[in-house]
Amino acid sequence: QAQVVESGGGLVEPGGSLRLSCAASGMTFRRYAMSWYRQAPGNERELVAKITSGGSTNYADSAKGRFTISRDNAKNTVYLQMNSLKPEDTAVYFCNAVVNYITYWGQGTQVTVSS
């Protein structure tokens, strides 16, 4: 059974940066697209960025130009580099994988952008 585990969240001032990591196991990582979602209090979970098995990426409009998703297939890990963070980026960030039509979520990592 696949598993994804996020790390790297924390408290950062506006304009700062964070890099989130998501370690995957129980799956042939290189074969699958990986995504980052986020959910702020009172809001629905929303897609932030996605990277395909071939390395193609797409981003939510709110993330374009500030966030970069990448993957290291040797480490079974996907990353989300977040720069120029804003208070509205505050949310729990979740890693997502769909493996053989089954959706897997991590437990989430809290990102708080505040002065």
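The values are calculated or read from the model by the stated rules, or taken from the named source; none is laboratory data. Not measured: the values here are computed from a predicted model. Don't worry about glycine lacking a Cβ; one is built from the backbone with ideal geometry, like all the others, and counts go over all protein chains shown. Accessible surface is based on the protein model in full, side chains and every heavy atom, while ligands, DNA and RNA are left aside. Shrake-Rupley method; radii C 1.70, N 1.55, O 1.52, S 1.80 Å.
Whole-Hz Karplus ³J(HN,Hα) for segment 31-46, in order, using 6.51 cos²θ - 1.76 cosθ + 1.60 and θ = phi - 60°, x for Gly and Pro?
Once rounded to whole Hz, the list reads 7, 10, 5, 10, 9, 10, 10, 9, 9, 8, x, x, 10, 7, 5, 10.
If Lys and Arg each add +1 and Asp and Glu each add -1, what is the summed charge of the other residues whose beta carbon sits under 10 Å from the beta carbon of Ala33?
+3
Using the Karplus curve 6.51 cos²θ - 1.76 cosθ + 1.60 with θ = phi - 60°, what ³J(HN,Hα) values do you get for each residue of segment 56-61, in whole Hz, with x for Gly and Pro?
These are the phi-based 3J(HN,Hα) values: 6, 10, 8, 9, 5, 4 Hz.
Measuring from label point to label point, each 7 Å out along Cα→Cβ, what is the Gln107 to Ala23 span in nm?
Inter-label distance under the simple model: 1.3 nm.
Given the C-alpha centroids of segment 1-61 and segment 80-107, what is the distance between them in whole angstrom?
Each part's Cα centre sits 3 Å from the other's.
Work out from phi, with θ = phi - 60° and the Karplus expression 6.51 cos²θ - 1.76 cosθ + 1.60, the ³J(HN,Hα) of each residue of segment 74-87, listed in order in whole Hz, and give x for Gly and Pro.
Couplings: 5, 9, 6, 9, 10, 10, 10, 8, 10, 10, 6, 5, 10, x Hz.
Restricting to the chain, what percent of DSSP beta bridges are antiparallel, rounded to 5? Let's see the in-between values first.
Details: 38 of 41 bridges.
Roughly 95 percent of the DSSP beta bridges within the chain come out antiparallel.
Ignoring any ligand, DNA or RNA, what whole percent of the accessible area of the chain comes from carbon and sulfur when the probe is 1.4 angstrom?
44
From the P(r) of segment 69-113, can you give the percent of Cα pairs sitting at distances over 11 Å?
Looking at segment 69-113, the distances longer than 11 Å represent 74 percent of pairs.
Averaged per residue, what accessible area in Å² does the chain show with a 1.4 Å probe, protein chains only?
Counting only protein heavy atoms, the per-residue value for the chain is 53 Å².
What spacing in nm lies between the two simple spin-label points modelled at Asn58 and Arg30, each 7 Å away from Cα in the Cβ direction?
Computed distance between label sites Asn58 and Arg30 equals 2.5 nm.
Calculate the radius of gyration of the Cα atoms of the chain to one decimal place, then report Dmax, the largest Cα-Cα distance, as a whole number, both in Å.
13.3, 43
Once label points are set 7 Å from the Cα along Cα→Cβ at both Leu11 and Asn83, what is their separation, rounded to one decimal in nm?
Distance between label points: 2.6 nm.
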